[in-house]
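The values are calculated or read from the model by the stated rules, or taken from the named source; none is laboratory data. Note that the coordinates shown come from a computational prediction; the quantities given were computed from them, not determined experimentally. So basically every Cβ, Gly included, is an ideal-geometry build from the backbone, and we count neighbours across all protein chains shown. Please note that ligands, DNA and RNA were not included when accessible areas were found on the heavy atoms of the full protein model with its side chains. Shrake-Rupley method; radii C 1.70, N 1.55, O 1.52, S 1.80 Å.
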Amino acid sequence: MKVNENKGRSALKSRNVTICAVVVFLLITALTLMSSGYMTRCIDRENTAQSNRGELSDLGQELADASDYLTDEARKFSVTGDIEHLYNYWYEVYEEKTRDRVINSLSAIDPPENETALLAEAKKYSDTLIKTETVSMNLMLTAKGITAKQFGDSKDGRLAEYVSIV
C-alpha cells in the first residue's frame, strides 16, 4: 500500500510542478509581449522626435534667412538709395510673410515650452529690428527728398504704399 501512496504523491507533485512551470511561462510571455509593445512605442516616439528635429532645424534656418534677407535689403537701400531694395523689404514683410509662415509652422509642431519662449523672443527681436531698419530707411528717404507721391502706381501702387509706411 505504501507504493501506491507514493505514486499518488509523486503524480501530484509532478502536476504541481507542471502547473507552476506553465504559469511562469505565461507570465514571462506576457511580460515579453508588454515589453515589446513598450519598446515599439518608444521607437516610434524617437522617430517622430528625430523627424521633428530635422523639420525644426530647417524652419529655424528659414527664419534666420528671412531675417537676414530683410536686414540685407535695408542695408542695400541705405547704402545705394535704390528704391527696389525698399520695395523688396516691405514686399517680404507684408506680402511674402516668410517669418510669420515659419513661426506658424514651428508652433504647429508643438515644440517644448522652453523652445516656444525662445521662438517668441526671436520674433520680438526681429520686430524690433524692423523698427530700427524703418528708421534707417526713413532717414534715407528724407535725405533724398523721396515721397510716396513720386511713385504713384509703381508696382501696382505698392511702392507708394511702402514709401508712405516708412
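Listing for the model above:
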quantity: Debye, to nearest 20: dipole size of the chain, +1 on Lys, Arg Cβ, -1 on Asp, Glu Cβ; calculated: 1720 debye
quantity: Share of pairwise Cα separations in the stretch 34-166, more than 24 Å, in percent; calculated: 45 percent
quantity: FRET efficiency for K124 and M39, using Cβ-Cβ distance with R0 set to 35 Å, rounded to 0.05; calculated: 0.25
quantity: Charge tally in the Cβ shell below 12 Å around K123, where Lys, Arg are +1 and Asp, Glu are -1, K123 excluded; calculated: -1
quantity: For the stretch 9-48, accessible area per residue (1.4 Å probe, heavy atoms of protein chains only), Å²; calculated: 91 Å²
quantity: Two-site label geometry, A49 and E84: point separation in nm, points 7 Å out along Cα→Cβ; calculated: 4.9 nm
quantity: Longest site-free stretch - the chain; sites: trypsin sites (Lys or Arg not before Pro), DSSP loop, at most 16 other Cβ within 10 Å; calculated: 1-96
quantity: The stretch 89-154 versus the stretch 26-77: alpha-carbon centroid distance in Å; calculated: 27 Å
